[in-house]
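J.: Here it is, the structure in full.
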Amino acid sequence: MGKSRRKQKTIPPPQLPPDVPEEDIEFSDEDLKFVEENTDYARFVTRIDTGAINRQCSLKPKTVEDKYQEERSKKKAQQEGKGNNEIQVDPVDVLPVKTLDGKLHYRTVLKTSKLADGDTEELEKDAFEDENTLNKSQRRAKAKKSKKEAKKQEKEFPEEIVQEEETPQAAVLAEVKEELSAEETFENKKNKLAELGMQLLSDPEANIKSLKEMLEISKDENTKIVKLGLLSVLAVFKDIIPGYRIRLPTEKELEMKVSKEVKKTRFYESTLLKAYKAYLQKLVVLEKQSVYNQVATRCLCTLLDAVPHFNYRDNLLISVVRNISSPDEVVRRLCCSTIRSLFSNEGKHGGELTVQAVRLIADQVKSQNCQLHPNSIEVFMSIRFDEDIGKRDREDENKKYRKNNKRNKQEEQNQVQENERKKSKREMMSKIRDEVAADYKGVTYEPDAMERRKMQIETLSAVFETYFRILRNTMYSIGESTEADTATNPGAFGSHPLLAPCLDGLAKFTQQLDLDYIGDLMNYLKKLASSSSVSNNSKQKNSKLLTVSERLRCCLVAFKVMRSNLNALNVDLQDFFVQLYNLLLEYRPGRDSGEVLAESLKIMLCDDRHQDMQKTAAFVKRLATFALCFGCAESMSALVTVKNLLQRNVKCRNLLENDAGGGSVSGSIAKYQPYATDPNLSGALATVLWELNLLTKHYHPAISTMASTISGMNTSQNQTFLSAVTPQQAFADYSLAKESFEPKNESRKLNNKLKRESCGDETKNVPEVDMVVLNKKLRESFTILRDIEEDERVRMEKKKLLKKQINVVKKKLKNPKYKKKN
Amino acid sequence: MQLVDEAESDIMKRKVLSGSVLSSCCDLVDEEHSVQALISLLNWYRAACHYGQEPSGITTPDIYYDIEDSETFAKVIVFVLQKADHIFRNILGLSASSNKEKILKLKNNPKWDSLKPLIKSFLRSTMHLVNHAADLEIIVFALTQLRVSIVFFAAFPDSLKKLIKLSVDLWVTGEGVLSQQAFLILKDISMVFNSECFDTCFINMYKAFLHDCDIPKADSDQLPFLRDSLVELCSQDMQKSYTKASVSIAQLAKLLKMALTTKNKEAVEKIQSGHYTNCVDLWVNFIAANIQDCDLQPLLYTIVQVINGVATLFIGPRYLLLRVKCIQWLNHISRTSGIFVPIASLVLDMLEYKTTNEGEKQEKKLEAVSAVKLPKNWLKSQNFQEQCIFSVIELLAVHFAQWSFHISFPELATIPVMRLKKFNERSTMEGLKRVVKRFIEQVELNIEFVQMKRDEAAFSPNDQQSTETFLQLEKRNKTAPYTQYYQSIIDKALGTKEKK
């Protein structure tokens, strides 16, 4: 700023900006201060040719617009006259710039000047107004602004002069201009979007047409603009879309004569709907382009979440479900959360979308052959199945009916006294009421209980269809792999991506499962659980095989299914016990989920009601052995289970005592077989739980105490209380992730005696020093040092000598006369 | 100018020490404890120690000490270093085992005033010699002699600080004897000046120990030596080192917890740094050294949890060495404390490190790697797989050797044996199979033996006393074949390490 002012000295007085009466100009304190501080810069003021200025200012334009007009025409004339060799200095509109869309911009320099005075918005709005047709409100606003503007002119013109000075470097200037204009258009468009959006939000009915304009802007080539455009239109739609579905008037209705209000509303609605449609089409197109994928998906998801009742929701849903298994993490998460919220907020759309979404997902699972991201199935967990949808409504209806009856009776009594006219009026009223009710129902799409029930059944069947499809697919893929495992390679999401969420879902929705299917389900689970990698004994690593966690989950689901159906079915769960017995050995802490293991211990062992003694003993023994080899979390959950089992099985407590006589209860197998695969054949009753002895020496105090409590359990006494801790709880509490790493028992007693006064071995530590060698070394080092010193001394002396000589020479040189005199 | 120069050098008395002067001086000091002779002797000593560094003798500008020949030079240094302490004590009337309180009381002694500057001069000159001498043996000799007079530093706290710094430097950078002597000095300091200097010594040494442990050292014995000496120092004052250890271990645990919960790269990298592992190593050794005498149970618990956490944080074949290290620590702690630390699952994981059997043979020494993480291409080599299996067997052998006569041994070995058998079924490498098979055979022998003895026992698991005494006799005579087998494996493992 200061620099530019100094330059003014050499420049003839420029044309003045549109005149403003002196009294209107207000100087801010800052301005005054600036001038005071920089009096040097302001010196030019004294030299201003007031006469020339007055001459120029004598013409008083009516409005600022007129002034602009005048200026522009003047300049045109001048440019025509003089050609291009000199750009006329114009303080108001410097250097018109042609933008990409062919519009002329004036006052582009404001961009730089506004940095100086910091009043950005107003100026930019002016820029818009110059190129756009002004509407009323804007014009009003503009009139206000003109005053402020005038004030700014003063500050602006130095900048403009700089521009003028730069004319020699035309090429550079052009470049700068281009850049400026690109930036400018970007800014302009951004601001326009904001403005239009604000208008729409403040008064949607009046400004509904600007929607089109906004959509136009979002067709820009600049990706940033497009994204901004999409998002701003989204914000607008989210706000202005009404809470009902728009039904466009039929032709018949259009022919009918309607009031102005209705016409206006119709126009509004149809415009809105058209714009919405266009917007959605655009989104669907853009969603397929990688650049816009995220933005478009975000828009789609937000719309589906916010206005699931509105028109075109089916299309929205389709495109959202299509992206549910997208490889893009962000997109996938967006879609999944949207679908989840659809499921959990059924009130917004009456449940219809739930059915559709589940159907669509089921179709996708089918078409992709179960190779989807697990998230896409996990969303099912958010569906809520209401058992007594019909019931409550029916009860309500009954109540109402009873009430109505009463009322009717009363009314009937009253009716007698009423006259005919009133009666007819009443009839008409009720007729109208019915009509209104019917209309309302038609509009609100609130389904009644029957419909909701139907939809729920449909949803359920789609969900279970998906689950069964996944189970069957997994089974076949395992079956295939034993024959030819190289044929198919696992997809991008792992070998059985959907199995885990599918099993989770089955466990959750077992209540809803039809009894007829349970038999099939159990068979599937049995096969899956027993698909061990060991039995195959294949040398190649088979990626298609199920992991331990997955197999444990299968067992778990089977138990949950049985339990939730109150063991109504007589299915033999023995196989699952065998599986668990063996899976305990295949468990690997890092690879497999310990939580699942703990849960299966809880569900399958702790909660099992009628236990076979032989089997229980086998599990007790194996779990105790298991506890010897694994980390504290696993050990603890195993020990908790052991304790639980022993508490409930008095006879199994024989394992705690070394019966000298040998197995009085040991049953058919006299000797314990630690490597047996079937718990019933292990003969565990013949053994003793010696593990507890080692476990009492465990470094973890909790495990150590647990082991001693177990070993202290009494055979004769029947302890009825059960420990409240579940294996899961134990696992979670003692896992390293939760570990606080603080010492468990703070009671420490350090015997603070100084350890071994090491006087005894001190002599040992003194190394043998050979005095002869030492003497020799010392002598050597002395000679070396002396040599160095001698060397140094000689050098120093030489230097001194040299210095002396130099000094002598210098003296001679300095005092030749003195010497001569001497 | 010229004149002034010459005048100055004339003023400076040039005292040249000759052999005869020295020997008479020595006699005077030695026999009559003449303070006067001692003063001049120490002046000569000072000059000798500074010889070559201060040609003009700044401290005493009017006298310039010079030494005639190398013989006298050697003699004055050796004589003073050997006798000075004795003479000081004699003059002051101190016994050889006087502690620092006595030294501090000397202020009342009239002789102290005259001797104090002499002692200070001796100590400082010797420190200078240690600091500047070029030859290892001279330094070692000076250090050992200085150690005798450490008590005198009580009167000169500033010099003491310098000495600690000097010794720590020598301890870290020196080799063999020198490092050891420097450590002995530090140890004596922390013993003599227990309350004040233990902290300073410990902190300086600790910092120096951890300072450049990420840089692989040429001398691989250096780090264990430093660690051991630090442990020895810590063992001197259990009360103080206990708090230090618990703070440090808590810090380690905090870092680990952060890495476990956030899994962010920076935190995880901190765990695998040499800094972290060396620190764990230090405290493991500290606990192992002292667990028998003191109750370090809380520390032991935390460090075991930390090690378990480290082992589970880094899964996969590339972290083989770290995993092996962790299990070795656990075994070490378990062996010294007699506390049961389960390692089987950690060890057996290594059996399943996926390796391609037909990978090209790369004959590289795995032990030579300093980094915690192994380069990827190594994982394919057959050598790597062998290394895995050998480590498994070695670690299990240590574990089993500890509990081989425990009454629960058969159960302890059940799962590992099953897993090893399974490995043998799957593996295609005959050489490895044979090794594993032999191991299984020995362990099964052991199981059988314990089981047999157990069947004869008449007590129940809750009878702690009887189980403690079970098979203790057999444990003592180490003739059982499996005991010898375990020992041979352990020895072999140690042997390979030493060879390297």
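The values are calculated or read from the model by the stated rules, or taken from the named source; none is laboratory data. The shown structure was predicted, so the numbers you read here are calculated from the model rather than taken from an experiment. When we count neighbours, we look across all protein chains shown, and the Cβ atoms used for this are built from the backbone with ideal geometry, even at glycine. When the accessible area is computed, the model is the full protein with side chains, heavy atoms only, and any ligands, DNA or RNA have been set aside. Shrake-Rupley method; radii C 1.70, N 1.55, O 1.52, S 1.80 Å.
J.: Sort through B:Val192, B:Val151, B:Val168 and tell me the only one that's within 13 Å of chain A (Cβ to nearest Cβ) and at negative phi. Talk me through it step by step, then tell me what you get.
T.: Values: B:Val151 fails: within 13 Å of chain A (Cβ to nearest Cβ); B:Val168 fails: within 13 Å of chain A (Cβ to nearest Cβ).
Of the residues listed, the single one that is within 13 Å of chain A (Cβ to nearest Cβ) and at negative phi is B:Val192.
J.: Also: Is the range B:406-419 home to any residue that is within 12 Å of chain A (Cβ to nearest Cβ) and farther than 18 Å from A:Tyr675 by Cα? Even if it seems obvious, please write down each step before you answer.
T.: Of the range B:406-419, the ones within 12 Å of chain A (Cβ to nearest Cβ) are B:406-419.
Now narrow it down to the ones that are farther than 18 Å from A:Tyr675 by Cα: B:406-407.
Yes: the range B:406-419 contains one or more residues that are within 12 Å of chain A (Cβ to nearest Cβ) and farther than 18 Å from A:Tyr675 by Cα.
J.: Still on this structure, I have one more. Being facing another protein chain (nearest Cβ under 8 Å) and either aromatic (Phe, Trp, Tyr) or closer than 19 Å to B:Tyr319 by Cβ (or both) is the filter here, so list the residues in the range B:258-303 that pass it.
T.: B:Leu260, B:Tyr301
J.: Taking A:Asn311 as the residue in question, decide whether it is polar (S, T, N, Q), assigned to a loop (DSSP other than H, G, I, E, B) and in contact (Cβ under 8 Å) with a residue 12 or more places away in the chain.
T.: Working: polar (S, T, N, Q): yes; assigned to a loop (DSSP other than H, G, I, E, B): yes; in contact (Cβ under 8 Å) with a residue 12 or more places away in the chain: yes.
Considered against the rule, which asks whether it is polar (S, T, N, Q), assigned to a loop (DSSP other than H, G, I, E, B) and in contact (Cβ under 8 Å) with a residue 12 or more places away in the chain, A:Asn311 comes out as yes.
J.: Taking B:Met191, is it assigned by TED's automatic domain parsing to the domain that holds B:Leu42 and not polar (S, T, N, Q)?
T.: Values: assigned by TED's automatic domain parsing to the domain that holds B:Leu42: no; not polar (S, T, N, Q): yes.
Spelling it out, it is not the case that B:Met191 is assigned by TED's automatic domain parsing to the domain that holds B:Leu42 and not polar (S, T, N, Q).
J.: Can you name every residue in the range A:572-596 that is open to solvent by 20 Å² or more (accessible area, probe 1.4 Å) and either within 23 Å of A:Ile518 (Cβ to Cβ) or β-branched (Val, Ile, Thr) (or both)?
T.: Of everything in the range A:572-596, those that are open to solvent by 20 Å² or more (accessible area, probe 1.4 Å) and either within 23 Å of A:Ile518 (Cβ to Cβ) or β-branched (Val, Ile, Thr) (or both) turn out to be A:Asp572, A:Leu573, A:Gln574, A:Asp575, A:Val578, A:Gln579.
J.: From the list B:Val35, B:Val130, B:Val76, which residue is modelled with pLDDT of 80 or more and either within 21 Å of B:Phe153 (Cα to Cα) or β-branched (Val, Ile, Thr) (or both)? Show your work before the answer.
T.: Details: B:Val35 fails: modelled with pLDDT of 80 or more; B:Val76 fails: modelled with pLDDT of 80 or more.
Testing whether each residue is modelled with pLDDT of 80 or more and either within 21 Å of B:Phe153 (Cα to Cα) or β-branched (Val, Ile, Thr) (or both) leaves just B:Val130.
J.: Looking at B:Ile307 and the list (1) in contact with a helix residue (DSSP H, G or I) (Cβ under 6 Å, 6 or more places away or on another chain); (2) at the interface with chain A (Cβ under 10 Å from one of its Cβ atoms); (3) surrounded by 23 or more Cβ atoms within 10 Å (Cβ to Cβ), which single condition is not satisfied?
T.: (2)
J.: Tell me yes or no: at least one residue of the range A:230-237 is among the aromatic types (Phe, Trp, Tyr), at pLDDT 80 or above and either in the same structural domain as A:Ala306 (by TED's automatic domain parsing) or part of a loop (DSSP other than H, G, I, E, B) (or both).
T.: Keep residues of the range A:230-237 that are among the aromatic types (Phe, Trp, Tyr), which gives A:237.
From what is left, the residues that are at pLDDT 80 or above are A:237.
If we keep only those that are either in the same structural domain as A:Ala306 (by TED's automatic domain parsing) or part of a loop (DSSP other than H, G, I, E, B) (or both) as well, we get A:237.
Yes - at least one qualifying residue is present in the range A:230-237.
J.: Do we have B:Glu386 as open to solvent by 40 Å² or more (accessible area, probe 1.4 Å), away from chain A (no Cβ under 14 Å) and without any contact (Cβ under 8 Å) to a residue 12 or more places away in the chain here? Reasoning before the result, please.
T.: On the way: open to solvent by 40 Å² or more (accessible area, probe 1.4 Å): yes; away from chain A (no Cβ under 14 Å): yes; without any contact (Cβ under 8 Å) to a residue 12 or more places away in the chain: no.
When the stated conditions are applied, B:Glu386 does not pass them.
J.: Restricting to the range A:207-230, count the residues that are open to solvent by less than 70 Å² (accessible area, probe 1.4 Å) and over 21 Å from A:Glu184 (Cβ atoms).
T.: Going through the range A:207-230 one residue at a time, the tally reaches 6.
J.: Follow-up. Among the listed residues B:Arg335, B:Arg323, which satisfies the condition of being basic (Lys, Arg) and buried (at least 17 other Cβ atoms within 10 Å of the Cβ)?
T.: On the way: B:Arg335 fails: buried (at least 17 other Cβ atoms within 10 Å of the Cβ).
So the residue among B:Arg335, B:Arg323 that is basic (Lys, Arg) and buried (at least 17 other Cβ atoms within 10 Å of the Cβ) is B:Arg323.
Listed here are the residues, each with its yes/no results for (1) more than 7 Å from chain B (Cβ to nearest Cβ); (2) modelled with pLDDT under 80; (3) open to solvent by less than 30 Å² (accessible area, probe 1.4 Å).
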| residue | (1), (2), (3) |
| --- | --- |
| A:Leu681 | yes, no, no |
| A:Ala684 | yes, yes, yes |
| A:Asn714 | yes, yes, no |
| A:Leu754 | no, yes, no |
| A:Val766 | no, yes, no |
| A:Arg786 | yes, yes, no |
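J.: Which residue is farthest from A:Leu460 (Cα to Cα), if the candidates are limited to the range A:486-540 and must be modelled with pLDDT of 80 or more and open to solvent by 60 Å² or more (accessible area, probe 1.4 Å)?
T.: Once the filter is applied, the top-ranked residue is A:Lys527.
J.: Here's something else I'd like to know. If the Cβ limit is 7 Å and pairs must be 6+ apart or interchain, which residue in the range A:447-475 that is within 14 Å of A:Leu521 (Cα to Cα) pairs with which residue that is part of a helix (DSSP H, G or I) and open to solvent by 70 Å² or more (accessible area, probe 1.4 Å)?
T.: Here the result reads A:Arg469/A:Lys366; A:Met475/A:Lys527, each pair linking the range A:447-475 to a residue that is part of a helix (DSSP H, G or I) and open to solvent by 70 Å² or more (accessible area, probe 1.4 Å).
J.: Identify the residue in the range B:438-480 that is away from chain A (no Cβ under 14 Å) and not in a helix (DSSP H, G or I) and, among all such residues, is nearest to the chain's Cα centre (by Cα).
T.: Of everything passing the filter in the range B:438-480, B:Lys478 is nearest to the chain's Cα centre (by Cα).
J.: A:Lys252: assigned to a helix (DSSP H, G or I), in the same structural domain as A:Leu300 (by TED's automatic domain parsing), open to solvent by 50 Å² or more (accessible area, probe 1.4 Å) and more than 22 Å from A:Pro308 (Cβ to Cβ), yes or no?
T.: Details: assigned to a helix (DSSP H, G or I): yes; in the same structural domain as A:Leu300 (by TED's automatic domain parsing): yes; open to solvent by 50 Å² or more (accessible area, probe 1.4 Å): yes; more than 22 Å from A:Pro308 (Cβ to Cβ): yes.
In short, yes.
J.: Restricting to the range B:70-84, and then to whatever is more than 8 Å from every other protein chain (Cβ to nearest Cβ) and surrounded by fewer than 19 Cβ atoms within 10 Å (Cβ to Cβ), can you tell me which residue is nearest to B:Asp30 (Cα to Cα)?
T.: B:Lys83
J.: Still on this model: In the list B:Leu226, B:Leu256, which residue meets the criterion of being in contact with a helix residue (DSSP H, G or I) (Cβ under 8 Å, 6 or more places away or on another chain), more than 26 Å from A:Pro589 (Cα to Cα), free of Cβ contacts under 8 Å to residues at least 60 places away in the same chain and assigned to a helix (DSSP H, G or I)?
T.: On the way: B:Leu256 fails: more than 26 Å from A:Pro589 (Cα to Cα).
Criteria check complete, one pass: B:Leu226.
Yes or no, residue by residue, for (1) under 25 Å from B:Tyr485 (Cβ atoms); (2) open to solvent by 20 Å² or more (accessible area, probe 1.4 Å); (3) within 27 Å of the chain's Cα centre (by Cα); (4) modelled with pLDDT of 80 or more:
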{"position": "B:Leu351", "(1), (2), (3), (4)": "yes, no, no, yes"}
{"position": "B:Thr355", "(1), (2), (3), (4)": "no, yes, no, no"}
{"position": "B:Gln362", "(1), (2), (3), (4)": "no, yes, no, no"}
{"position": "B:Ala368", "(1), (2), (3), (4)": "no, yes, yes, no"}
{"position": "B:Val372", "(1), (2), (3), (4)": "no, yes, yes, no"}
{"position": "B:Lys376", "(1), (2), (3), (4)": "no, yes, no, no"}
{"position": "B:Phe390", "(1), (2), (3), (4)": "yes, yes, no, yes"}
{"position": "B:Leu396", "(1), (2), (3), (4)": "yes, no, yes, yes"}
{"position": "B:His406", "(1), (2), (3), (4)": "yes, yes, no, yes"}
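J.: Residues of the range B:165-178 being part of a helix (DSSP H, G or I) and surrounded by fewer than 21 Cβ atoms within 10 Å (Cβ to Cβ), which ones? Even if it seems obvious, please write down each step before you answer.
T.: Pass one, the range B:165-178, residues part of a helix (DSSP H, G or I): B:165-173, B:176-178.
Residues satisfying the conditions are B:Lys165, B:Leu166, B:Asp169, B:Val172, B:Thr173, B:Gly176, B:Val177, B:Leu178.
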